[in-house]
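J.: Below is a structure I'd like to ask you about.
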Amino acid sequence: MAYVATRGGERAIQSAEALYRWLNRQYDPGFVRDLETHLPYLLDRVMGEGSLWAPELAALAVAQTGGDLYEAVLLLRAYRSTQPRIAYAEPIDSGSMLTVRRISAAFKDIPGGQILGPTLDYSHRVLHLQNSAKPDQSLESPENARSGALATIPYVADWHRQTGLMQPLKPDPTPPAEIPDLTRDPLLFPAPRAQRLQALARSDTGGVLALGYANMRGYGGIHPTVNEVRLAYAQVQVKHPVTGAVFSAGRVRYSQAEVVTKFKTGADGKPALELGFAATLGWNEVKLIAASMLDTAMDLPEPHPAHTEEFVLSHTEPVESSGFCIHYKLPHYVTFGSDLDALRKARAQAESNEREGVG
Amino acid sequence: MSRGLETGAFDQAFWLGVLARADALEVKAFTDGLLPALEPLGLEVLENRTGLVMLPSTDTAKGSRFHLGEVLASESRVRLAGVEGYAVCLGRDLEHSLAVAILDAALQTGLEIELIQTFVRQQAEKLEAADQALLRRVEQTRVEMETF
């Protein structure tokens, strides 16, 4: 084993960081607050992958890293490791969330209706060049209906179960503190479903999209349809340690998606619909649609090699994958020097063989 | 929705939920105004820290519970006139959760109860109005799909 020492390293490292910050200009608290106000989808992505809901700190992380999202996610993960876990919240369900968007591509007449909510899905994708020179004039207050939408909108899957299209669900009685937890236990395969869904919740958006898109293009055996996409504000409900009262400590943005596939024989021997599922902190539809397709693909008896559980979950971990990737730029002089020694010896041996007419 | 507004219930879950979501500056200012009356009764801060709340969700495909991620929160515990008050608020504003914990203890003890109830109900109405305004805008985005 050998090590490499760097002379002048401390001064150079300090200067390198100073240069990085000088080129990116200083940011102030007002800029951080503006990020939080104006770029919620960016922060949702950082918080979802960072596995920590903290909008103020996510904005700070984005500002501090000049917008390098992998670095921002790493900062959030590092911060969370300094904090004690003070409670487990009650599991989110449809009754504890305020839903602002819920659509289904598979069924048009669903209980609660199709609600587009806040979206650019049907908007023209053109740059508003006029806003680069003056304040945004396009901000119109959306129209109000006379009465509000239902705050609690039932799941499409519940409707399928009521109509017999899907197998009934057995409620999971696992207390929150006993749910398998990736942050405390290593990921082993086959993973408990709780760990699979937790891994997908904090997975890299781009990584999940790449693998999911490969499946959509045909490198896989499923052809699903979106059963439901939902954006909501979910209550974080905790228990008063003295009186036991369950109360809401506030709300977080939350999204979940389901895809539905062809019939599968259920436990009762009858054909039924099969769902794939994913959810995350924040609103991130593309990640969840891809992840819920991968959830289905991973359950196939013989999935494509790129859609096995081990392949998907191991390669979509944003901190591990980006960290492993960038470690390659750190000094590898000794290990690569060893490779060069071996190469030189092989070349010398080849030349010697040539001279002696061997081989 | 702010539970209690519809039912008229004014219980601990209601006031803690409302005060956690209410404007932190208003909660802190209101509590500051009560301190001269409360402090002589014996007010002790037992805990005031930030930490993480693990948030589980429920898988609608197979029914499993799983952890979605953690939520940064401030947690405070106080003792006021021998009664323990508690609060958890999202974010890391320790003064916010401390103020809510003091109000929690005061309400359990029955101190300044009318003033605090009025304040909590006013905050609940503001939150409810904001929710209703949002839901009316959400309703405007409802579509009816037709197949031709």
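The values are calculated or read from the model by the stated rules, or taken from the named source; none is laboratory data. Computed from a prediction, not measured in an experiment: that's the story for all the values here. Don't worry about glycine lacking a Cβ; one is built from the backbone with ideal geometry, like all the others, and counts go over all protein chains shown.
J.: Look at residue B:37 and say whether it is more than 30 Å from residue A:294 (Cβ to Cβ) and under 12 Å from the mean Cα position of the chain (by Cα).
T.: The answer is no for residue B:37.
J.: Sticking with this one: Can you find even one residue in region B:119-127 that is farther than 27 Å from residue A:57 by Cα, touching an Asp or Glu at 6+ places or on another chain (Cβ under 7 Å), touching a residue at least 40 places away in the same chain (Cβ under 8 Å) and not in a loop (DSSP other than H, G, I, E, B)?
T.: Among the residues of region B:119-127, not one is farther than 27 Å from residue A:57 by Cα, touching an Asp or Glu at 6+ places or on another chain (Cβ under 7 Å), touching a residue at least 40 places away in the same chain (Cβ under 8 Å) and not in a loop (DSSP other than H, G, I, E, B), which makes the answer no.
J.: Among the listed residues B:104, B:59, B:93, B:131, identify the single one that is free of Cβ contacts under 8 Å to residues at least 12 places away in the same chain and of a type in the set (Asp, Glu).
T.: Matching residue, one of B:104, B:59, B:93, B:131: B:59.
J.: Mind checking which residues of region A:71-106 are more than 9 Å from every other protein chain (Cβ to nearest Cβ) and either out of contact with any strand residue (DSSP E or B) (no Cβ under 6 Å at 6 or more places or on another chain) or of a type in the set (Lys, Arg) (or both)?
T.: A:71, A:72, A:73, A:74, A:75, A:77, A:78, A:81, A:82, A:95, A:102
J.: Hey, among the residues in region A:107-129 that are β-branched (Val, Ile, Thr) and more than 9 Å from chain B (Cβ to nearest Cβ), which one's farthest from residue A:252 (Cα to Cα)?
T.: Ranking the candidates gives A:126 first.
J.: Right, here's the next one. I'd like to check something: does region A:236-251 contain any residue that is in a helix (DSSP H, G or I), β-branched (Val, Ile, Thr) and under 25 Å from residue A:54 (Cα atoms)?
T.: no
J.: In region B:102-110, is there at least one residue being part of a helix (DSSP H, G or I) and at the interface with chain A (Cβ under 9 Å from one of its Cβ atoms)?
T.: yes
Residues are listed down the side, and each one gets a yes or a no for (1) surrounded by fewer than 24 Cβ atoms within 10 Å (Cβ to Cβ); (2) acidic (Asp, Glu); (3) under 24 Å from residue A:90 (Cα atoms); (4) at the interface with chain B (Cβ under 8 Å from one of its Cβ atoms):
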| position | (1), (2), (3), (4) |
| --- | --- |
| A:227 | no, no, no, no |
| A:244 | yes, no, yes, no |
| A:254 | no, no, yes, yes |
| A:257 | no, no, yes, no |
| A:260 | no, no, no, no |
| A:264 | yes, no, no, no |
| A:269 | yes, no, no, no |
| A:272 | yes, no, no, no |
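J.: From the residues in region A:76-100 that are surrounded by 20 or more Cβ atoms within 10 Å (Cβ to Cβ) and β-branched (Val, Ile, Thr), which one is nearest to the chain's Cα centre (by Cα)?
T.: Result: A:92.
J.: While we're on this one: Among (1) in a loop (DSSP other than H, G, I, E, B); (2) modelled with pLDDT of 95 or more; (3) out of contact with any His (no Cβ under 8 Å at 6 or more places or on another chain), which single condition is residue A:181 missing?
T.: (3)
J.: Quick one: is residue A:174 free of Cβ contacts under 8 Å to residues at least 40 places away in the same chain, assigned to a loop (DSSP other than H, G, I, E, B), within 13 Å of chain B (Cβ to nearest Cβ) and not basic (Lys, Arg)?
T.: Taking the combined requirement at face value, the residue satisfies it.
J.: Go through (1) among the β-branched types (Val, Ile, Thr); (2) surrounded by 17 or more Cβ atoms within 10 Å (Cβ to Cβ); (3) farther than 22 Å from residue A:281 by Cβ for residue B:88 and report which single condition fails.
T.: Going through the list (1) among the β-branched types (Val, Ile, Thr); (2) surrounded by 17 or more Cβ atoms within 10 Å (Cβ to Cβ); (3) farther than 22 Å from residue A:281 by Cβ, residue B:88 breaks only (3).
J.: Scan region B:13-25 and tell me whether some residue there is under 27 Å from residue A:33 (Cβ atoms), free of Cβ contacts under 8 Å to residues at least 60 places away in the same chain and within 10 Å of another protein chain (Cβ to nearest Cβ).
T.: Yes: one or more hits.
J.: Let me ask something else. Please enumerate the residues belonging to region A:47-82 that are β-branched (Val, Ile, Thr) and in contact with a helix residue (DSSP H, G or I) (Cβ under 9 Å, 6 or more places away or on another chain).
T.: A:62, A:65, A:73
J.: Right, next: Run down A:152, A:163 and say which single residue is modelled with pLDDT of 85 or more and among the hydroxyl-bearing types (Ser, Thr, Tyr).
T.: A:163
J.: Now, a different point. So, in region A:184-210, exactly how many residues are facing another protein chain (nearest Cβ under 7 Å), crowded, with 21+ Cβ neighbours inside 10 Å and not in a loop (DSSP other than H, G, I, E, B)?
T.: Within region A:184-210, residues that are facing another protein chain (nearest Cβ under 7 Å), crowded, with 21+ Cβ neighbours inside 10 Å and not in a loop (DSSP other than H, G, I, E, B) number 4.
J.: Show the residue pairs that are 6+ apart or on different chains and have beta-carbon atoms under 9 Å apart, the first residue being within region A:65-90 and among the basic types (Lys, Arg), the second being surrounded by fewer than 18 Cβ atoms within 10 Å (Cβ to Cβ).
T.: A:80/A:183; A:85/A:183
J.: While we're here: Show me the helices (runs of 4 or more DSSP H) found entirely inside region A:1-107 where at least 2 residues are in contact with a Gly (Cβ under 9 Å, 6 or more places away or on another chain).
T.: A:9-24, A:40-50, A:55-64, A:69-80
J.: Condition first: more than 7 Å from chain A (Cβ to nearest Cβ) and surrounded by 15 or more Cβ atoms within 10 Å (Cβ to Cβ). Can you find one or more residues in region B:56-71 that meet it?
T.: No, that holds for no residue.
J.: Just a yes or no: is a residue in region A:135-153 in contact with a Leu (Cβ under 9 Å, 6 or more places away or on another chain), surrounded by 22 or more Cβ atoms within 10 Å (Cβ to Cβ) and either within 8 Å of chain B (Cβ to nearest Cβ) or without any contact (Cβ under 8 Å) to a residue 60 or more places away in the chain (or both)?
T.: yes
J.: Restricting region B:17-54 to residues that are touching a helix residue (DSSP H, G or I) at 6+ places or on another chain (Cβ under 6 Å) and not in a helix (DSSP H, G or I), which is surrounded by the most Cβ atoms within 10 Å (Cβ to Cβ)?
T.: Here the residue is B:22.
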